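These notes concern the structure reproduced below.
The values are calculated or read from the model by the stated rules, or taken from the named source; none is laboratory data. Every value quoted in this text rests on a predicted model; they were computed, and no experiment measured them. Positions of Cβ are generated from backbone atoms using ideal geometry, with glycine treated the same way; all protein chains shown enter the neighbour counts.
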Amino acid sequence: MVLAHLDNESSMNSLGFPLADVLSADADANNQDGTHFYRAGDPIIDHAQKARAIAEDAYRKAHGDLPSYVHFPVQRYERKR
């Protein structure tokens with residue numbers, strides 16, 4: 001099962017679409033004879049990743065390079081109502 005999973009993973013692009021499908025001329029948006037095409041939706045914001053990016057940028061401004069051993073854990077906090 002693990003080998004089947006790894007084989008399946010290696011046949012997908014980073015978005016989870018099959019490589020054979022996304023690399024096909026049938027997927028070209030300019031190909032009027034194609035069977036399908038892809039369109040990106042509106043951007044969404046991952047607020048946890050945004051918080052990490054802000055912390056990393058602040059670190060770089062204060063200390064220069066960001067060493068690979070420096071990590072910024074992100075935690076969720078509930079607002080007081």
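Okay, here's what the table says:
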{"quantity": "Residues (in contact (Cβ under 8 Å) with a residue 12 or more places away in the chain and not hydrophobic (A, V, I, L, M, F, W, C)) located in region 50-76", "calculated": "ARG52, GLU56, TYR59, ARG76"}
{"quantity": "Elements of type helices (runs of 4 or more DSSP H) contained in the chain, each with 1 or more residues being exposed (fewer than 10 other Cβ atoms within 10 Å of the Cβ) and at pLDDT 95 or above", "calculated": "47-63"}
